[in-house]
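Trainee: Let me begin by handing over the structure; questions about it come next.
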Amino acid sequence: MPVQSTVRPSAGPFARPARRRALRGLLGAAAGLALLGQSPMALAQIAGGKPIRIVVGAPAGGTTDTLARTIGQEMARLLDQTVVVENRPGAGGNIAADLVAKSAPDGTTLLMSFTSHTINATLYKKLPFDPIQDFTPITLVATVPSVLVANPGLPANNIPELIQLARSKPGKLNFAVGSVGSSVHLAGDMFKMMTGTYIVNIPYKGTAPAITDLLSGHVELMFASTINVLPHVKAGKLKVLGVASAAPLPQFPGVAPIGATVKGFESSAWFGLFGPAGLPPETAQALYQAARAGLDTPAVRKRLETDGAQPVGNSPEAFAAFVRNDVKRWARVVKYSGASPE
């Protein structure tokens, strides 16, 4: 059964005209002038007397869900209409994606998706939708870099030492995999592919049990999102060997990017907002402007960055190009890994 929660705009002095003025102010002078000429029509199309529904292909409480609720709250405030977040987990996000792909392109049904959207294009032999053609990209909301963490007992403290250890003991080290086909699973396979090492994957039914076994020493290594492991690193229960971002992360001072040793290595989970294919350009633009304004709110940026997420808010055109390129990037890794859906 789907799980819904509703975000309603505040009542009182923030009436619709005031909200439009606030939205234009947040977007800045240039963006505000651009939106001024088209916002009345776009806002009317989005509202249409109905709430906006953001469908999430993951359970409540996870990163995708949290980002959907955060951006949904801001869009409700800026657009002066109700936003409903509906959880439809399952099949690596495909259940939610299929629902949105088959929805009316009026701007009232959106998808908050994640990296599996582009991974699934190769991971699944057949999908009930086309991950590119059946959606209108709105904006890349945020990215969350992954990090390579290890049990403190592992006799390696950085990436060069790990590579040396793995090459000296092929098949003796192992990666905990919280979800087969996920971005963090494939980050491990990308690492092995690019370093020529043989490290055994140990699959788990979820991130939580994988981290539990990593903490206890039953497994030695794991790629994980910064959000999932930061508390354990701060407590000294896990050590970080490298970060998968292009630049060092402030949450892990002194830890070098993996790409400093493995040239070209980079892996982050991403989270983005889509509509169904055929969304009118003015509607997509109004949704993008509201989402972007929400991400530019200082309180929202601070909240995301504290959790290790990096707000983006790029244009629909830039997000569309990102999605196309990401499908190609992960296809090579999926084929190398031989992974298949659970």
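To keep it simple, each residue is scored yes or no on (1) buried (at least 16 other Cβ atoms within 10 Å of the Cβ); (2) in contact with a Phe, Trp or Tyr (Cβ under 6 Å, 6 or more places away or on another chain); (3) among the hydrophobic types (A, V, I, L, M, F, W, C).
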| residue | (1), (2), (3) |
| --- | --- |
| 221 | yes, yes, yes |
| 227 | yes, no, yes |
| 233 | yes, no, yes |
| 244 | yes, no, yes |
| 251 | yes, no, no |
| 281 | no, no, no |
| 293 | yes, no, yes |
| 309 | yes, no, yes |
| 316 | yes, yes, no |
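Trainee: Separate question: Consider the range 288-342. How many of its residues are among the acidic types (Asp, Glu), over 15 Å from residue 121 (Cα atoms) and within 16 Å of the chain's Cα centre (by Cα)?
Mentor: Number of matching residues: 2.
Trainee: Given the conditions (1) of a type in the set (Asp, Glu); (2) modelled with pLDDT of 95 or more; (3) closer than 19 Å to residue 116 by Cα, and given that residue 266 satisfies all but one, which numbered condition is not satisfied?
Mentor: Just one mismatch for residue 266, condition (2).
Residue-by-condition table, conditions (1) outside the structural domain of residue 292 (by TED's automatic domain parsing); (2) of a type outside the set (A, V, I, L, M); (3) at pLDDT below 80; (4) on the phi > 0 side of the Ramachandran plot:
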site	(1), (2), (3), (4)
27	no, no, yes, no
34	no, no, yes, no
38	no, yes, yes, no
42	no, no, yes, no
52	no, no, no, no
56	no, no, no, no
61	no, yes, yes, yes
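Trainee: Going residue by residue through the range 5-12, is there one that turns out to be assigned to a helix (DSSP H, G or I), under 26 Å from the mean Cα position of the chain (by Cα) and either at pLDDT 55 or above or surrounded by 14 or more Cβ atoms within 10 Å (Cβ to Cβ) (or both)? Can you show your working first?
Mentor: Restricting attention to the range 5-12, the residues satisfying the condition of being assigned to a helix (DSSP H, G or I) are none.
Taking every residue of the range 5-12 in turn, none turns out to be assigned to a helix (DSSP H, G or I), under 26 Å from the mean Cα position of the chain (by Cα) and either at pLDDT 55 or above or surrounded by 14 or more Cβ atoms within 10 Å (Cβ to Cβ) (or both).
Trainee: Here are 165, 127: which of them is hydrophobic (A, V, I, L, M, F, W, C) and either assigned by TED's automatic domain parsing to the domain that holds residue 192 or not in a loop (DSSP other than H, G, I, E, B) (or both)?
Mentor: Selected residue: 165, the only one of 165, 127 that is hydrophobic (A, V, I, L, M, F, W, C) and either assigned by TED's automatic domain parsing to the domain that holds residue 192 or not in a loop (DSSP other than H, G, I, E, B) (or both).
Trainee: May I pose another question? Determine whether the range 139-153 contains at least one residue that is farther than 21 Å from residue 324 by Cα, surrounded by fewer than 18 Cβ atoms within 10 Å (Cβ to Cβ) and of a type outside the set (Gly, Ala, Ser).
Mentor: Among the residues of the range 139-153, at least one is farther than 21 Å from residue 324 by Cα, surrounded by fewer than 18 Cβ atoms within 10 Å (Cβ to Cβ) and of a type outside the set (Gly, Ala, Ser), which makes the answer yes.
Trainee: Mind listing just one residue for me: the one in the range 180-200 that is over 15 Å from the mean Cα position of the chain (by Cα) and assigned to a loop (DSSP other than H, G, I, E, B) and, of those, surrounded by the most Cβ atoms within 10 Å (Cβ to Cβ)?
Mentor: 199
Trainee: Failed condition for residue 124, given (1) surrounded by 15 or more Cβ atoms within 10 Å (Cβ to Cβ); (2) within 21 Å of residue 227 (Cβ to Cβ); (3) of a type in the set (Ser, Thr, Tyr), with all others met?
Mentor: Here residue 124 meets the rest and fails (2).
Trainee: Restricting attention to the range 216-233, which residues are farther than 16 Å from residue 64 by Cα, of a type in the set (Val, Ile, Thr) and touching a helix residue (DSSP H, G or I) at 6+ places or on another chain (Cβ under 8 Å)?
Mentor: Across the range 216-233, the qualifying residues are 219, 229.
Trainee: In the range 168-179, how many residues are surrounded by fewer than 19 Cβ atoms within 10 Å (Cβ to Cβ) and assigned to a loop (DSSP other than H, G, I, E, B)?
Mentor: Adding up the residues that qualify gives 5.
Trainee: Could you count how many residues in the range 167-208 are out of contact with any strand residue (DSSP E or B) (no Cβ under 9 Å at 6 or more places or on another chain) and on the phi > 0 side of the Ramachandran plot?
Mentor: Matching residues across the range 167-208 total 3.
Trainee: Six or more apart or on different chains, Cβ under 9 Å: which pairs go from a residue in the range 99-110 that's assigned by TED's automatic domain parsing to the domain that holds residue 278 to one that's part of a loop (DSSP other than H, G, I, E, B) and of a type in the set (D, E, K, R)? Could you list them?
Mentor: 99/88; 100/134; 101/130; 101/134; 102/134; 106/50; 108/50
Trainee: Another question, then. Out of the residues in the range 88-107 that are closer than 18 Å to residue 141 by Cα and either in a loop (DSSP other than H, G, I, E, B) or modelled with pLDDT under 95 (or both), which is farthest from the chain's Cα centre (by Cα)?
Mentor: 107
The values are calculated or read from the model by the stated rules, or taken from the named source; none is laboratory data. Computed from a predicted model, the values in this text were never measured in an experiment. In this analysis, Cβ positions are derived from the backbone assuming ideal geometry, glycine residues included, and neighbour counts consider all displayed protein chains.
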